[in-house]
Amino acid sequence: MNKMGTIIGFTFKNKVKTKSFMITTLVLVLLLSIGMNIPYLIKVFQGDDEASAGIHVAVVAAEGSRASELLKNYASGVTTEGGATVDQYTSAEDSALKTSLDEGTLDGYIQLGAESETGLPPVTFYSPDGDMDAEVQTFLQLGLQQANAQLIAGDKLTPEQIGAMNAPVQLDTKQISTDGTAVTDEEKDEAPIINYVIVYALLMMFFMSIMMTGNMIAAEVTSEKSSRIMEILITSASPLAQMFGKVIGIFLIGMLQIAIIAAAVAANLMLPHNASILTDFDLDLGQLNVNLLIYGLVLYVLGYFLYALIYAAIGSIVSRTEDLGQAVMPITMLGLVTFYIPLFSISNADTLVVKVASYIPFTSPLSMLLRIGVGDVAFWEILVSLLILLVSIFVFGWLAAKIYRTGVLMYGKRPTIKEIRKAMKAYKI
Amino acid sequence: MEALKLDGVVKQFGEKTAVNRISLSVEPGEIYGLLGANGAGKTTTMRMVLGLIYPDDGKILYSGKAFNSELQQIMGYLPEERGLYPKVKVSDQIIYLARLRGMSSSDADKSLRYWLDRFDVPDYYNKKVEELSKGNQQKMGFIAAVVHKPRLLILDEAFSGLDPVNVELLKDTVRELRDQGTSILFSTHRMEHVEELCRHITIMDRSNTVVQGDIREIKKGYPREEVLLRTSSEVSGLETLPGVTGVQRQERGYLLTISEIAAAQRILQQAVGQSEVEHFEIKEPTLNQIFIKVVGGESNE
Ligand SMILES: Nc1ncnc2c1ncn2[C@@H]1O[C@H](COP(=O)(O)OP(=O)(O)OP(=O)(O)O)[C@@H](O)[C@H]1O
Ligand SMILES: [Mg+2]
């Protein structure tokens, strides 16, 4: 299939050079890069002092106050960024305290009254703006609560025991299976969070890529038809070679775009200031499921071909580029359904809708991807789904080639289905 | 053996018959003219020859063989609505088309440069088609049709839209291709081109073949109806001669129409009696006249 190679090369070369390809790719890369750097940018714009200085409060209490000591102890154990510092002053009129407040290095202070066996008296927080920000509030609440418990318990409990008392009780739920026994742990195994992220990203990327390349194919076929170069092409190479040549050529364009985007994501993750994002979101690239990516790729390729063939067939029956938008509407709708079923089910991948969709060609690539990534799926189910998809590609490939052969020579008004069927009978592919 | 032979070929579009039982044969190294009014079925016939659409009845043979994929390499086609990618460089697309027809890239490139030089436009190599004028786009279309040295060339109204200089250039090229052995099926609305280039023609009218054969034979079959006469001084009484149906004064003489050939002798005698005859010619009917007679006689669609 020497000619097919020529067609693939020509299609790829011409599309890569188009402005629309370059611009969409560039815009996607830019948007992604901006999106991935937003957490960092927010930090930069909020200013370093506030974000990284940590918590800094003062305690106004009598010399040797135990509560104050306990709070200081608690502060030394705080591990959040910037840590927590507690200074002690004996009077709210202290000039050092006043200057710290004026300079803004201090978030505010609390006044502690006399302590007793029944714990701490009510505490008031004084700050220059009368507000307490969330970080400080959490810190004081937990710190004072522990101090209070320690004061009441006296020496009977160690600080560790107090800490354990304050730790929230773990409450788990478990489903009872039909035979009354609890479902075993493995079956209910939650997918790692990174899988959700990957599945989400792949869904977006595959959907966008398939829609974009599909429309590219249809537009290409229609423009060849309307510029009448089609008549020369059909007499030079078989319609089958032309259709598949185009579909494969544009497939390479789609892959190139995905590769560029993946490279941009990787480059952004590598940036030193973004390293913490992954840890912040509890994402571990080590957990990254290579299988998921491989399945993703296979499903993308198959899904792409199925859609691309239909787009090529549609492009072939439209005579003018202006009519194309309307003609591709049904397949675009189908694409949206394919995309939204898994998207709306991302938190619950094992619904019946997703299961059914994961076997139906057209919807199966993305729905199966969801199930593989974050749902419950047996290997044979994947296999069956892939097989159905593969068979449909052959069936639709044959049908598309027939329509293509017929459609490319039909000019004038959009032919009716009956006319196409009648004409199709006349041509061998 | 004929390079191309059509035998009773029929094409129908729904109820409408576009081509009705056309038979013709093109010898190797021959330019065959396909003439006819608008909508007569010329383009449809050519499309069937190219295998773009299939005849409903009849046979088309290429050097004795039925349609096969090897023909892709040896056929060249200039469609009536010129087809080229508007936004692709001339060199890219013509080399692409040549490669689809089985040429290697380097041969295609060489051939393209030869043709661009031949048409005196080597700088179009790097131009996009949409940047060229219509006539020049057509030249590029012609190059696309011949770049792979086809043995069977189909030209649908090849000369329309070209200026006289380019028409001459293209005519020379077509003759040269013919002399190299290319068989050419050629349609046009300009009868003088056909008279210059073709030996055999078919005139179609509303899907039917109305006139077919060697141009000289065809002309013999039509009565000579015009006499051209040039004399040194005026000749009177011409219009009263029997058989003379019209006299038209021209710059230096007369153009007379006659209803029978014997009238020509009477005109000559009349002229010799009155003046000195400088030029006397019984004109052959032109193809244009024949065409108008057979096609234009009845009302057309
Ligand atoms: N695809 C088609 N569907 C229906 N009718 C068609 C189709 N193609 C051609 N026809 C009809 O067939 C007849 C012959 O058309 P064709 O294009 O062969 O004429 P032509 O001799 O090339 O005319 P022109 O000199 O105007 O180019 C016309 O009446 C036309 O309407
Ligand atoms: Mg025509």
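The values are calculated or read from the model by the stated rules, or taken from the named source; none is laboratory data. Because the structure is predicted, anything quoted here is derived from the model rather than measured. Cβ atoms come from the backbone with ideal geometry, glycine included; neighbour counts cover every protein chain shown. All accessible areas refer to the heavy atoms of the entire protein, side chains included, with ligands and DNA or RNA removed. Shrake-Rupley method; radii C 1.70, N 1.55, O 1.52, S 1.80 Å.
Per-structure values
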{"read-out": "Test: residue in segment A:87-108 that is over 20 Å from A:Gly130 (Cα atoms), among the basic types (Lys, Arg) and within 50 Å of the chain's Cα centre (by Cα)", "value": "no"}
{"read-out": "Single match in B:Tyr85, B:Tyr77 (criterion: within 14 Å of another protein chain (Cβ to nearest Cβ), of a type outside the set (Val, Ile, Thr) and away from ligand 2 (no atom under 16 Å from the Cβ))", "value": "B:Tyr85"}
{"read-out": "Search result, residues across segment B:16-58 that are open to solvent by 50 Å² or more (accessible area, probe 1.4 Å) and within 13 Å of ligand 1 (Cβ to nearest atom)", "value": "B:Lys16, B:Asn20, B:Asn38, B:Gly39, B:Arg47, B:Tyr54, B:Asp56"}
{"read-out": "Candidate set: segment B:290-301, residues that are at pLDDT 85 or above and crowded, with 16+ Cβ neighbours inside 10 Å; chosen: the one nearest to ligand 1 (Cβ to nearest atom)", "value": "B:Phe291"}
{"read-out": "Some residue of segment B:89-99 being touching a Gly at 6+ places or on another chain (Cβ under 8 Å), more than 16 Å from ligand 2 (Cβ to nearest atom) and not aromatic (Phe, Trp, Tyr)", "value": "no"}
{"read-out": "Subset of segment A:306-329 [of a type outside the set (A, V, I, L, M) and closer than 16 Å to A:Thr406 by Cβ]", "value": "A:Gly315, A:Ser316, A:Ser319"}
{"read-out": "Output for segment B:2-37, where each listed residue is within 16 Å of ligand 2 (Cβ to nearest atom), modelled with pLDDT under 90 and out of contact with any helix residue (DSSP H, G or I) (no Cβ under 7 Å at 6 or more places or on another chain)", "value": "B:Phe13, B:Lys16"}
{"read-out": "Hey, A:Ser91 open to solvent by 80 Å² or more (accessible area, probe 1.4 Å), out of contact with any Phe, Trp or Tyr (no Cβ under 8 Å at 6 or more places or on another chain), more than 14 Å from every other protein chain (Cβ to nearest Cβ) and of a type in the set (Ser, Thr, Tyr) or not", "value": "no"}
{"read-out": "Any helices (runs of 4 or more DSSP H) falling wholly within segment A:94-175 and containing at least 1 residues that are at pLDDT 80 or above and of a type in the set (A, V, I, L, M, F, W, C)", "value": "A:95-103, A:134-153"}
{"read-out": "Residue pairs meeting the criteria (Cβ under 8 Å; at least 6 apart or on separate chains; first within 12 Å of another protein chain (Cβ to nearest Cβ), in segment B:143-156; second of a type in the set (Lys, Arg) and more than 16 Å from ligand 2 (Cβ to nearest atom))", "value": "B:His148/B:Arg101; B:Pro150/B:Arg101"}
{"read-out": "Selection count where residues are in a helix (DSSP H, G or I) and facing chain B (nearest Cβ under 7 Å), scope segment A:234-246", "value": "3"}
{"read-out": "Among (1) away from chain A (no Cβ under 14 Å); (2) at positive phi - the single one B:Leu112 does not satisfy", "value": "(2)"}
{"read-out": "Check on A:Tyr404, among the aromatic types (Phe, Trp, Tyr), crowded, with 22+ Cβ neighbours inside 10 Å and out of contact with any Asp or Glu (no Cβ under 6 Å at 6 or more places or on another chain)", "value": "yes"}
{"read-out": "Flag if B:Gly51 is in contact with a helix residue (DSSP H, G or I) (Cβ under 7 Å, 6 or more places away or on another chain), closer than 27 Å to A:Ser238 by Cβ, away from ligand 2 (no atom under 13 Å from the Cβ) and of a type in the set (Gly, Ala, Ser)", "value": "yes"}
{"read-out": "B:Tyr96 away from ligand 1 (no atom under 16 Å from the Cβ), within 11 Å of chain A (Cβ to nearest Cβ) and among the aromatic types (Phe, Trp, Tyr)", "value": "yes"}
{"read-out": "Cβ pairs under 7 Å, 6+ apart, first in segment A:1-30 and facing another protein chain (nearest Cβ under 10 Å), second outside any helix (DSSP H, G or I)", "value": "A:Lys3/A:Ala237; A:Ile7/A:Ala237; A:Asn14/B:Val88"}
{"read-out": "Boolean, B:Glu81 is without any contact (Cβ under 8 Å) to a residue 60 or more places away in the chain, within 21 Å of B:Ile184 (Cβ to Cβ) and within 16 Å of ligand 1 (Cβ to nearest atom)", "value": "yes"}
{"read-out": "Test result for B:Arg101, more than 14 Å from chain A (Cβ to nearest Cβ), in contact (Cβ under 8 Å) with a residue 12 or more places away in the chain and basic (Lys, Arg)", "value": "no"}
{"read-out": "Any hit, segment B:202-213, residues being within 15 Å of the chain's Cα centre (by Cα) and either within 14 Å of chain A (Cβ to nearest Cβ) or hydroxyl-bearing (Ser, Thr, Tyr) (or both)", "value": "yes"}
{"read-out": "Residue in segment B:228-239 that is closer than 29 Å to B:Asp205 by Cα, open to solvent by less than 30 Å² (accessible area, probe 1.4 Å), out of contact with any strand residue (DSSP E or B) (no Cβ under 7 Å at 6 or more places or on another chain) and outside any strand (DSSP E or B) present", "value": "no"}
{"read-out": "Residue selected from segment B:148-186 under the condition within 16 Å of ligand 1 (Cβ to nearest atom) and on the phi > 0 side of the Ramachandran plot, by the criterion surrounded by the fewest Cβ atoms within 10 Å (Cβ to Cβ)", "value": "B:Gly161"}
{"read-out": "Scan of segment B:104-113 for residues that are surrounded by fewer than 16 Cβ atoms within 10 Å (Cβ to Cβ), without any contact (Cβ under 8 Å) to a residue 12 or more places away in the chain and of a type in the set (D, E, K, R), ordered by number", "value": "B:Lys110"}
{"read-out": "Selection from segment A:201-228 of residues that are within 11 Å of chain B (Cβ to nearest Cβ) and surrounded by 24 or more Cβ atoms within 10 Å (Cβ to Cβ)", "value": "A:Lys225"}
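Each row is one residue, and each column tells you yes or no for (1) surrounded by fewer than 22 Cβ atoms within 10 Å (Cβ to Cβ); (2) without any contact (Cβ under 8 Å) to a residue 12 or more places away in the chain; (3) in a loop (DSSP other than H, G, I, E, B).
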position	(1), (2), (3)
A:Gly303	no, no, no
A:Phe339	yes, no, no
A:Asn348	yes, yes, yes
A:Lys355	yes, no, no
A:Met368	no, no, no
A:Leu383	yes, yes, no
A:Phe394	yes, yes, no
